[in-house]
């Protein structure tokens with residue numbers, strides 16, 4: 001095996017299709033993301049254990065913890081103060097986005113802050129404890 005530049009998959013590089021969060025209450029989770037971030041629910045399965053939200057190129061999906069536990073999986077619980085991951089939403093007005101998210105049930109983790117690289121960034125946690133970054137879009141980088 002050699003090191004160096006990664007090789008793409010045979011049919012091209014992979015694309016991120018879904019980010020899936022494991023939640024206690026699917027309907028409450030979908031409702032939160034719709035109210036907090038204006039996302040449209042695009043799918044809920046017949047069992048009411050899996051749903052998808054429209055976010056652009058990548059789908060944000062929610063899946064009930066109970067359905068995973070039936071399959072023998074034990075999803076961990078998120079801790080926004082010791083995160084192992086985050087999701088990020090680019091928004092035009094971070095202050096307004098934080099206010100809307102908190103009004104919908106999010107917990108403020110870090111107030112909006114102007115960063116040295118030009119972004120404004122804030123963090124909230126959803127009702128299940130997932131860390132969410134709210135930020136202005138990154139300016140195009142020049143090489």
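The values are calculated or read from the model by the stated rules, or taken from the named source; none is laboratory data. These figures come from a predicted structure and were not determined experimentally. Reconstructed Cβ throughout: ideal geometry from the backbone, glycine too, with neighbour counts over all protein chains shown.
Looking only at region 131-143, how many residues end up being touching a strand residue (DSSP E or B) at 6+ places or on another chain (Cβ under 9 Å) and assigned to a loop (DSSP other than H, G, I, E, B)? Of the residues in that region, 3 qualify.
Can you find even one residue in region 67-83 that is within 17 Å of residue 23 (Cα to Cα), modelled with pLDDT of 95 or more and under 18 Å from the mean Cα position of the chain (by Cα)? No, that holds for no residue.
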